[in-house]
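Student: Starting off with a structure, shown below.
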Amino acid sequence: MIKAKNFQQTVLAWYQRHGRKDLPWQKKITPYRVWISEIMLQQTQVNTVIPYFEKFIKYYPDVNSLAAAHEDEVLHLWTGLGYYARARNLHKTAKMIVEKRQGKFPEDIALLQSLPGIGRSTAGAIASLSMKKHAPILDGNVKRVLSRVHMLKAYENQDKLWLLAEKYTPQKNTAAYTQAMMDLGAMICVRNQPKCEMCPLSKYCKAYSQGQQNDFPGKRPAKKLPVKKIILLLLQNSEGKILLEKRPSTGIWGGLWSLPEFHDEKNLIKDFHQKYGIRPKKLKSLAPFRHTFTHFHLDIFPITAIADTDKTSLSGQFWYDPQKPAALGLSAPVKKLLSRLDVNPLNRFNKAS
Ligand code: SF4
């Protein structure tokens, strides 16, 4: 049994000497800045997040500016970070905080957790890091450390790990302790080849004492992902611009701009003409590729074509100029396809046909 006080002192002493204290969100600490950083850091490494965070904060320095932003701009700044529901929820939550709470973040953990996109660990991080509240966190880094120290498989022992997180989180110095645990997970107790010889917790760590660090936190039981298929149409007009359409706000790539999507190549021309009033010509298939979501694989079959008219008949569509890209949120596969186009895409399509 590890005494909480000993655990805390060990972690805090390590943090004083080795912890990170210069991350952009550790300066001018506010609930807003901590919240943005925590959401970006979900599923994403610190080094990747830093430039995104700095740009985002430049555009939206506080919750009021984010609430007033257009969703397209927010999604555009998020392009490349993936998991776009995070950006949509940020925007939604900013609006709720401004409209219902006069721009102030709730200090109550349960209220924080009731906001879109804020789970228990994120609420704990906002409260402990920016409000000096006693609130435990259990993000991926902390989970890995506790799972190894106690040799508990993470997926099967969420409740036990939360109890341990509560037990070890001190009443005082909570912010430093929270940051220290995140840093230990990110810098020392890393996923592959943890640096146990440098770890202050090695004296308590069961996995280390038994040489089983790599067996923890363990994997989620594997499940075979279903495969879905779609055709994405890269349709060019006479100026070489590509037709994009805004996706519904829910579902995959919600609220992002995407290429028209089809499931049946045989009827593509007829269906497209019926829906959009444009007849695609000179169709040519590009190499298919796979994009994997949490719950399924999506096999994407891109097709290029030339439009017989520059008009669009529906709202929520526009002709995108790859040479002067508009500030829009694009899904990763669409961004990839557009980046493959030549400097003069019209020539390329004509050549290809
Ligand atoms: S001793 Fe190794 S496995 Fe245990 S907490 Fe430290 S780094 Fe992680």
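Student: From the residues in region 193-230 that are among the aliphatic types (A, V, I, L, M) and more than 25 Å from the chain's Cα centre (by Cα), which one is farthest from the ligand (Cβ to nearest atom)?
Tutor: Step by step, filter region 193-230, then rank; the result is Met198.
Student: What residue, among those in region 189-210 that are in a helix (DSSP H, G or I) and free of Cβ contacts under 8 Å to residues at least 12 places away in the same chain, is least open to solvent (accessible area, probe 1.4 Å)?
Tutor: For region 189-210, the residue satisfying everything is Ser209.
Student: Give all pairs with beta carbons closer than 9 Å in which a residue from region 52-70 that is assigned by TED's automatic domain parsing to the domain that holds His91 meets a residue that is among the aliphatic types (A, V, I, L, M) and surrounded by fewer than 14 Cβ atoms within 10 Å (Cβ to Cβ); count only pairs at least 6 apart in sequence or on separate chains.
Tutor: Pairs that qualify, where the first residue is assigned by TED's automatic domain parsing to the domain that holds His91 and the partner is among the aliphatic types (A, V, I, L, M) and surrounded by fewer than 14 Cβ atoms within 10 Å (Cβ to Cβ), are Tyr60/Ala68.
Student: Taking the residues in region 157-185 that are among the small types (Gly, Ala, Ser) and farther than 11 Å from Val142 by Cα as candidates, determine which candidate is nearest to the ligand (Cβ to nearest atom).
Tutor: Ala176
Student: Working only within region 211-229, note down all residues that are open to solvent by less than 80 Å² (accessible area, probe 1.4 Å) and of a type in the set (A, V, I, L, M).
Tutor: Correct list: Leu225, Val227.
Student: Still on this structure, please answer the following. What tally of residues in region 231-264 results from selecting those that are out of contact with any Ser or Thr (no Cβ under 7 Å at 6 or more places or on another chain), not in a loop (DSSP other than H, G, I, E, B) and not hydrophobic (A, V, I, L, M, F, W, C)?
Tutor: 3
Student: Could you please let me know if Thr93 is farther than 22 Å from Ser249 by Cα, of a type in the set (Ser, Thr, Tyr) and either touching a residue at least 12 places away in the same chain (Cβ under 8 Å) or assigned by TED's automatic domain parsing to the domain that holds Ile39 (or both)?
Tutor: It is false that Thr93 is farther than 22 Å from Ser249 by Cα, of a type in the set (Ser, Thr, Tyr) and either touching a residue at least 12 places away in the same chain (Cβ under 8 Å) or assigned by TED's automatic domain parsing to the domain that holds Ile39 (or both).
Student: Another question about this same structure. I need the full set of residues from region 211-230 which are under 30 Å from His263 (Cα atoms) and part of a loop (DSSP other than H, G, I, E, B), in order please.
Tutor: Correct list: Ala222, Lys223, Lys224, Leu225, Pro226.
Student: Going by what's in this entry, would Gly119 be described as at pLDDT 95 or above and away from the ligand (no atom under 15 Å from the Cβ)?
Tutor: yes
Student: Test each condition in (1) assigned to a helix (DSSP H, G or I); (2) at pLDDT 95 or above; (3) of a type outside the set (S, T, N, Q) for Glu73 and report the one that comes out false.
Tutor: All conditions are met except number (2).
The values are calculated or read from the model by the stated rules, or taken from the named source; none is laboratory data. Because the structure is predicted, anything quoted here is derived from the model rather than measured. We place every Cβ from the backbone using ideal geometry, glycine too, and count neighbours over all the protein chains shown. The protein model used for the area step is the full one, side chains on, heavy atoms only, and it has no ligands, DNA or RNA in it. Shrake-Rupley method; radii C 1.70, N 1.55, O 1.52, S 1.80 Å.
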